[in-house]
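A quick write-up on the structure given underneath.
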Amino acid sequence: MTPQYFLQTALLPALALLPQPMNSVAGRAMVIAICLQESRLIHRRQIGGPARGYAQFEQSGGVIGVLTHPATRAPIRAVLGALDYDPASGAKAMHIAIEHNDILAAAFARLLLFSLPDALPARIDAADGWRQYLKAWRPGKPHRETWDAFYKEAWQVA
């Protein structure tokens with residue numbers, strides 16, 4: 001999937017279900033950059049691992065985090081209701097759903113970023129983008145060498 005197509009078919013529809021201030025260029029750029037970093041927007045399921053969706057969410061990490069964080073609990077419940085998912089079905093069901101529901105997965109990704117106390121990074125601050133990505137996603141094997149190009153591409157698309 002191209003970043004442009006992801007923006008049009010998944011991220012913008014997800015942001016339409018979230019509070020309006022979450023739809024910012026910086027928020028869109030970070031979600032796109034993270035999806036490029038995590039899956040290259042190619043792999044809906046982690047190769048040899050448990051993560052799902054283009055943002056590569058793990059059930060015991062980002063999924064539970066977004067479902068339970070005080071700042072994201074209400075917005076994700078609203079998204080789940082809008083997409084006809086039972087919010088009471090739990091993290092396992094949501095983890096399964098985000099593998100093939102790009103709108104839901106994009107909402108989870110934007111909300112995980114929202115759970116951070118920091119302001120989103122600026123266009124020229126790939127290093128802060130990397131720091132926030134590490135803080136929110138806690139990747140097991142981070143690859144810093146690919147981040148700057150993905151970050152730049154994401155800002156061009158967002």
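The values are calculated or read from the model by the stated rules, or taken from the named source; none is laboratory data. Remember, it's a predicted structure, so these values are computed and weren't measured experimentally. Using ideal geometry, Cβ is built from the backbone for each residue, glycine included, and neighbour counts are taken over all protein chains shown. Note: areas computed on protein heavy atoms with side chains; ligands, DNA, RNA excluded. Shrake-Rupley method; radii C 1.70, N 1.55, O 1.52, S 1.80 Å.
Within the full protein context, the accessible area of LEU112 is estimated at about 20 Å² for a probe radius of 1.4 Å. In the full protein context, the chain carries 47 Å² of accessible surface per residue, based on a 1.4 Å probe and ignoring ligands, DNA and RNA. A P(r) calculated from all alpha carbon pairs of region 17-158, with 10 Å bins opening at zero, reads 12, 47, 35, 6, 0 percent.
At the residue level, VAL157 shows approximately 30 square angstrom of accessible surface with a 1.4 angstrom probe and all protein chains present. Here the average projected area of the convex hull drawn through the C-alpha atoms of region 17-85 stands at 5.2 nm². For the set ASP128, ASP84, solvent exposure ranked by accessible area (probe 1.4 Å, protein chains only) runs largest to smallest as ASP84, ASP128.
In a simple Cβ point-charge model (Lys, Arg +1; Asp, Glu -1; nothing else charged), the chain has a dipole of about 180 debye relative to its Cα centre. Against the chain, whose longest principal axis comes from its Cα atoms, helix 102-114 is set at around 70 degrees. With a 1.4 Å probe rolled over the protein heavy atoms of all chains, the accessible area of LEU116, LEU80 falls in the order LEU116, LEU80, largest first.
Against the chain, whose longest principal axis comes from its Cα atoms, helix 144-157 is set at around 80 degrees.
Against the longest alpha carbon principal axis of the chain, how many degrees, from 0 to 90 and to the nearest 10, is the axis of helix 25-39 turned? Long axis of 25-39 versus the principal axis of the chain: about 90 degrees.
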